[in-house]
Amino acid sequence: GQQVMQIPQYQHVQEGEDFTTYCNSSTTLSNIQWYKQRPGGHPVFLIQLVKSGEVKKQKRLTFQFGEAKKNSSLHITATQTTDVGTYFCAGPGDSNYQLIWGAGTKLIIKP
Amino acid sequence: GAVVSQHPSRVICKSGTSVKIECRSLDFQATTMFWYRQFPKQSLMLMATSNEGSKATYEQGVEKDKFLINHASLTLSTLTVTSAHPEDSSFYICSARLPGQLSYEQYFGPGTRLTVT
């Protein structure tokens, strides 16, 4: 079945360092979405990418969709404590606007 | 806009009892809602897709007689965990889509943490 693979599972960074998480799909995706889940919270939609090679920015966050529409990345520049949480990518499922979720990458700021 | 609420936020119940979790779209009508389960430090596992006025579609491996879903109105879907057991303890989250929306964006409720003793 469809799978969306996401790495790494965890990333420990010093505050001010950059953070990147990667998603890969075995099949071409019509779109890919990114969500953020704070500790103890629920997923919150960040962005949807649709076009091949698309790059979108939200302040310090940069989202990319690969040319083949099989991979995507989220890069955070100069991380801050407010960035802590788990970042999930999600691609379309088989039907009814379902989403297939990546495993998530947990951003941890080193004390 | 697009606010989803969930009730209760936490519930503790005894093994063998049933628990109902409500998911409401507060400022929009949701023809489709999704129910997820999330284990600690893991991703979201889709349990079922709830469609207003029709039977829910369950994912493979999810027992429909154990996890009863009712989407009786455009703003309310309920998940009832019947004859709960300790292994049903988990974080249950619902989400909804805006009607007529072309994107796959989902709006999530705050989740319900179920503990079965």
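Bear in mind these aren't lab numbers, they're just calculated from the coordinates by the rules spelled out. Computed from a predicted structure; not experimentally measured. As a convention, Cβ positions derive from the backbone with ideal geometry for all residues, glycine included, and neighbour counts pool all protein chains shown.
Taking every alpha-carbon pair within region B:1-47, the share separated by more than 13 Å comes to 70 percent. Global dimensions of chain B from alpha-carbon coordinates: Rg and Dmax equal 13.4, 42 Å.
If you plug the beta carbon distance of residue B:60 and residue B:3 into 1/(1 + (r/R0)^6) with R0 = 35 Å, you get a FRET efficiency near 0.65.
Rounded to the nearest 20 debye, the dipole magnitude of chain B is 240 debye, with +1 charges on Lys and Arg beta carbons, -1 on Asp and Glu beta carbons, and the Cα centre as origin. Placing one equal scatterer on every Cα of the protein assembly as shown and applying the Debye formula, the log10 ratio I(q)/I(0) at q = 0.14, 0.17, 0.18 Å⁻¹ is -0.89, -1.23, -1.33. Computed from the alpha carbon positions, the gyration tensor of chain A leads to an equivalent ellipsoid with semi-axes of 23, 15, 12 Å, biggest first.
Have a look at B:4, B:34, B:114 and report the one farthest towards the positive end of the charge dipole of chain B, computed about the Cα centre with Cβ charges (Lys/Arg +1, Asp/Glu -1). Sorting the options by dipole projection puts first B:114.
Separation of the alpha carbons by more than 22 angstrom is noted, of B:20/B:66; A:36/A:56; A:57/A:106; A:70/B:64; A:36/A:59, for A:70/B:64. What is the dipole size for region B:56-117, taken about its Cα centre, with +1 at each Lys and Arg Cβ and -1 at each Asp and Glu Cβ, in debye to the nearest 20? Here the size comes out at about 160 debye. A simple count of charges around residue A:45, restricted to other residues whose Cβ falls under 12 Å of its Cβ and scoring Lys, Arg +1 and Asp, Glu -1, yields +1.
Loop-resident trypsin sites (Lys or Arg not before Pro) (DSSP state other than H, G, I, E or B) in region A:5-111 with no more than 15 further Cβ atoms inside 10 Å of their Cβ: A:51, A:59, A:60.
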